[in-house]
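Below is one structure; the comments refer to it alone.
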Amino acid sequence: MRRWLIRPLWILLAVVFLIEASLWDHVEPVIAWIVDLIPWRKFRAAVKTRIEHLSPRASLVVFIVPLLLILVPLKFVEFWAISSGNWLIAIAFLAAAKVIGVGVLAFMFDVTRDKLLQMKWFEKFYEAMLLARDWANEQVEPLKVQLRRYLWLLQPSRAVRLLRRLIRQRRRAPGI
């Protein structure tokens, strides 16, 4: 009985984790596009050359500080919007903070990855996140297969056949 209750929670956790991971994957091309528009390639190269001379711990500070400088003000605006009852503004700033945060995180991780992975605890954390992502994919894959089947059945060319099948099954069902 407990398994029946806990399984949906694990699947929900896996879906949330995959959404975060997917956001990470999908923001990277957007960042590349923005980098092409703005001369950030030079900025990225300059940051990377400066980080080469830093220790791994100092690189961790370089990794975290931009996130704090960008996300903390956005969070204050979110809290202000929530406290004043402006739910749409709060949702907009929440979404903006999420996208901007993932973008900045992706950029800074790309720049500091080599130095950060020199720290054993960070390397273990990184490997654990990769394992968690694989686990989440395993949990959600059966649901994705089932959803694809349903979507296949709902295609316009198959919709009439599906409707006929449902009517036939309804007629056969006892007590309906």
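Condition check ((1) over 20 Å from the mean Cα position of the chain (by Cα); (2) farther than 26 Å from Arg57 by Cα) across all residues:
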| position | (1), (2) |
| --- | --- |
| Leu94 | no, yes |
| Ile100 | no, no |
| Ala106 | no, no |
| Arg113 | no, no |
| Met119 | yes, no |
| Ala132 | no, no |
| Lys144 | no, yes |
| Leu163 | yes, yes |
| Ile167 | yes, yes |
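From Leu74, Leu94, Leu69, grab the single residue that is closer than 22 Å to Val30 by Cβ, among the aliphatic types (A, V, I, L, M) and loosely packed, with under 13 Cβ neighbours inside 10 Å. Walk me through how you get there before you give the answer.
Values: Leu74 fails: loosely packed, with under 13 Cβ neighbours inside 10 Å; Leu94 fails: loosely packed, with under 13 Cβ neighbours inside 10 Å.
After ruling out the rest, the residue left standing is Leu69.
Restricting attention to the stretch 156-169, does a residue exist that is of a type in the set (Ser, Thr, Tyr) and farther than 21 Å from Ala14 by Cβ? Walk me through how you get there before you give the answer.
Let us first name the residues in the stretch 156-169 that are of a type in the set (Ser, Thr, Tyr), namely 157.
Going one step further and asking which of them are farther than 21 Å from Ala14 by Cβ, we end up with 157.
Yes: one or more hits.
Going residue by residue through the stretch 97-115, is there one that turns out to be loosely packed, with under 10 Cβ neighbours inside 10 Å and of a type outside the set (Ser, Thr, Tyr)? Steps first, please.
Applying the first criterion (loosely packed, with under 10 Cβ neighbours inside 10 Å) to the stretch 97-115 yields none.
No, the stretch 97-115 has no match at all.
Of the residues that make up the stretch 130-149, is at least one without any contact (Cβ under 8 Å) to a residue 12 or more places away in the chain and within 30 Å of Glu52 (Cα to Cα)?
Yes.
Each reported figure results from applying straightforward, stated rules to the coordinates on display, with no laboratory input. Treat the numbers as computed from the prediction; the structure is a model and nothing was measured. Every residue, glycine among them, receives a Cβ derived from its backbone with ideal geometry; neighbour counts consider all protein chains shown.
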